[in-house]
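One structure is given here, and the rest of the page talks about it.
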Amino acid sequence: MSTIARNKHWINRLPHIFEIDDLMEFCKKYEHIYVFGRGEAQEWLVRFLDMCDVNVEGYVISFTPNEDNFYYRHLQVRNIDELIDIPNIGIVLGIPDYHQGIVVPMLREKGFKNLFTMTEHTRLGIAEQMAPRNKDEMTFEISLADHCNLSCQMCDHYSQLSDEWFVDVEQFRKDMTRMGEIYDHEIGVITFLGGEPTLHPDIIELIKITREQFPNGQLILLTNGVLLLSLEHSDKGNLWEVLKEYNIDVTVTVYPIKLDYEAIERKANEYGIHLKLSSNIHAVDPTKVVKISDKHVMDLEGKVPKAHVVHCLYFNKFNVVKDGRYYMCPVQAHIDIFNKKFNKNLEFAERDYLDIYKVKDWHEFAEFSSWWVPFCRFCDQKNWGPDSEWKASNKTIKEYTL
Ligand code: SF4
């Protein structure tokens, strides 16, 4: 079990992508690659290098004894003095900042010149991204409706481009029952999402099904809030009462639109609902700053290096369950909408998802979502990031290309 400290609500620390490129270049230059240090963070660094097809020969340490407990995989551990005569050796230092001042001079004095040091941010970021999550950190989102009643530029779920699509209640029941079995009914967080989830005419039923399967996990309704007040008097019942009864948290993304957010706040208080109103749902604290759209640039030729996946905010975090499949992320799960709209074929292979009816247990999800999948080659991580103030989509492919 990993002891890497992560918060299940915040995105993982994302390593600097240029430092990752430098690390890959370094590893290509030397015939023998060793990782200095021998603890959990170094093991996740080795897992990252394994994923990037770098052949790490072992760990190197400057002291004994060495403990024989491995989190990830067994690999030889050698004392630094044993490596002095090995030619063409490169050493990657996966050690904390405060050790570098001692270790780097020691290595130089012994004659090791080919050293790669990295920032503390990247070292810890690699560990957070590469350590499979523990059960209480596991999350998934499930789309209730792929389309939306807003039309935001650059939507990462492609909802402004989607035809009307609602999850089928019986498929949802079957999939949620299966997820309940796999997790033995215990999970960190499940998020109801879309598109816009409140558009689903049977949202109340879908909430009840989920809570039956996961009596204690945190359930979040992530919505643009447009329909929330009207759903106090829906044909199928009072959504607010159901949110209260079934202990559902509500997150409303704040957009620069005419919507009475204070009235939503008052309604949540009236029903005793835990509400988060935020223009940036990834911010640690709720914020009402100007809504900025992130651009998720796609490389239509699929040539993005594997190593860049550790810079992805969805990686090892935002998994999606849809129609019996467990996907890495919303981009992948909804790419059929993008393909259809723009007549493209950003395809995914069988290795890109898991069949929830074939997995043995939730550990398979944790392993899967912390390892590159072929579809990641389309995500141009170097060019992902905040782009411009929120506005309505013009529905052209330029919202997703350079
Ligand atoms: S396919 Fe991979 S790189 Fe792209 S968003 Fe998903 S996890 Fe990130």
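Summary of computed values
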quantity	calculated
Candidate set from the range 201-228 (those that are within 25 Å of the chain's Cα centre (by Cα) and in a loop (DSSP other than H, G, I, E, B)); member that is nearest to H334 (Cα to Cα)	N224
Residues located in the range 212-224, provided they are under 11 Å from Y246 (Cβ atoms) and in contact with a helix residue (DSSP H, G or I) (Cβ under 9 Å, 6 or more places away or on another chain)	E212, F214, L219, L221
Scope the range 352-402; condition among the aliphatic types (A, V, I, L, M) and within 16 Å of K303 (Cα to Cα); matching residues	V373, L402
I273 vs. criteria more than 20 Å from the chain's Cα centre (by Cα), of a type in the set (V, I, T), assigned by TED's automatic domain parsing to the domain that holds K391 and modelled with pLDDT of 95 or more	yes
Residue in the range 348-391 that is surrounded by the most Cβ atoms within 10 Å (Cβ to Cβ), counting only those that are aliphatic (A, V, I, L, M), more than 18 Å from Q129 (Cβ to Cβ) and within 16 Å of the ligand (Cβ to nearest atom)	L354
Test result for Y246, surrounded by 15 or more Cβ atoms within 10 Å (Cβ to Cβ), touching a helix residue (DSSP H, G or I) at 6+ places or on another chain (Cβ under 9 Å) and not aliphatic (A, V, I, L, M)	yes
Candidate set from the range 315-347 (those that are under 24 Å from Y183 (Cα atoms) and without any contact (Cβ under 8 Å) to a residue 60 or more places away in the chain); member that is farthest from the ligand (Cβ to nearest atom)	R325
Per-region count, the range 305-342, residues under 16 Å from T191 (Cα atoms), in contact with a Ser or Thr (Cβ under 7 Å, 6 or more places away or on another chain) and part of a helix (DSSP H, G or I)	0
Residue in the range 88-101 that is part of a helix (DSSP H, G or I), polar (S, T, N, Q) and farther than 19 Å from I17 by Cα present	yes
Filter result for the condition that a residue is of a type in the set (D, E, K, R), crowded, with 20+ Cβ neighbours inside 10 Å and in contact (Cβ under 8 Å) with a residue 12 or more places away in the chain, over R133, R173, R73	R133
In the range 342-363, the residues that are aromatic (F, W, Y) and under 22 Å from S162 (Cα atoms)	F342, F348, Y353
Yes/no for V35 being surrounded by 14 or more Cβ atoms within 10 Å (Cβ to Cβ), under 15 Å from A131 (Cβ atoms), in contact with a strand residue (DSSP E or B) (Cβ under 6 Å, 6 or more places away or on another chain) and at pLDDT 95 or above	no
Restricting the range 281-298 to residues that are of a type outside the set (V, I, T) and crowded, with 18+ Cβ neighbours inside 10 Å, the residue that is farthest from the ligand (Cβ to nearest atom)	K291
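Here's the yes/no breakdown for (1) at pLDDT 95 or above; (2) outside the structural domain of M154 (by TED's automatic domain parsing); (3) assigned to a strand (DSSP E or B):
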| position | (1), (2), (3) |
| --- | --- |
| L231 | yes, no, no |
| W240 | yes, no, no |
| V252 | yes, no, yes |
| P256 | no, no, no |
| P286 | no, no, no |
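Residue-wise test of (1) in the same structural domain as N316 (by TED's automatic domain parsing); (2) among the polar types (S, T, N, Q); (3) more than 20 Å from the chain's Cα centre (by Cα).
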| site | (1), (2), (3) |
| --- | --- |
| D21 | no, no, yes |
| Q42 | no, yes, yes |
| L45 | no, no, no |
| G58 | no, no, yes |
| L75 | no, no, yes |
| D85 | no, no, yes |
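The values are calculated or read from the model by the stated rules, or taken from the named source; none is laboratory data. Bear in mind the structure is a predicted one, so any value in this text is a computation, not a measurement. All Cβ positions, glycine included, derive from the backbone under ideal geometry; neighbour counts span all protein chains shown.
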